[in-house]
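**Student:** What follows is a single structure, and I will ask about it in a moment.
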Amino acid sequence: MIRSNLTFAILATIVLASSLPVLSQMGQQQTQLSAVEIDQETLSQPYWLRVGGSRVRQLRLEISLNGRVIQSLENRQTALNLSPYLKPGKQTLLVTGQYAPREAEIVTELKGQQIQISQQSTGSGLLNQIFIVKVR
């Protein structure tokens, strides 16, 4: 019984580790991670996700929450109120896409009553940013 529990624990660790984002720079793509906690009562006010930047001519984005795409768009910048999508518990917000020119600086900002978090990307033309939002 001990051996099967150990085998299960090792397999569970491998599966869990493979589903977590790798926080590194592989080639030219960089993944960034930020985590924040907010109070459920504040969701009556907007929590804005804004993506844009200087010298951006083209921006293609996909915004996912807990693995479900909530918006796909092609724009130079965007703003999305996340409050209607957030629920109690841990939420994983993923912002992926491409931008041009590669030298442009992209800023992804999560801003609300209690928080303001920014992530920046430049030099790769690829966007891969993760926000872990815990609603308590």
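Coordinate-derived values only; no laboratory data. Bear in mind the structure is a predicted one, so any value in this text is a computation, not a measurement. Note that we place each Cβ from the backbone using ideal geometry, even for glycine, and neighbour counts take in every protein chain shown.
**Student:** Go through 78-90, 42-54 and give me the packing order, highest mean Cβ count within 10 Å leading. Intermediate values should be presented prior to the final figure.
**Tutor:** On the way: 78-90: 14.8, 42-54: 16.9.
Sorting 78-90, 42-54 by mean packing, highest first, produces 42-54, 78-90.
**Student:** Another question, if that's okay. What list of whole percents do you get for P(r) of segment 19-136, with Cα-Cα distances grouped in 5 Å bins up to the one holding the largest distance?
**Tutor:** Using 5 Å bins, I get a P(r) of 2, 12, 23, 24, 19, 12, 5, 2, 0 for segment 19-136.
**Student:** Of the peptides 91-100, 112-121, how do they stack up when ordered by the mean number of other Cβ atoms within 10 Å, highest first?
**Tutor:** Taking the mean over residues of other Cβ atoms within 10 Å, the ranking is 91-100, 112-121.
**Student:** With all pairs of different alpha carbon atoms counted, what Kirkwood hydrodynamic radius in Å does segment 54-98 show? It would help to have the intermediate numbers written out before the result.
**Tutor:** On the way: mean 1/r = 0.0865 Å⁻¹.
Value: 11.6 Å, from the Cα pair sum.
**Student:** Could I ask something else about it? Using the Cα centre as the reference, give the magnitude of the dipole from point charges on the C-beta atoms of segment 67-136 (Lys, Arg: +1; Asp, Glu: -1; all else neutral), rounded to the nearest 20 debye. Display every interim value, and only then the final one.
**Tutor:** On the way: 8 positive and 4 negative charges, 93 e Å.
That gives a dipole near 440 debye.
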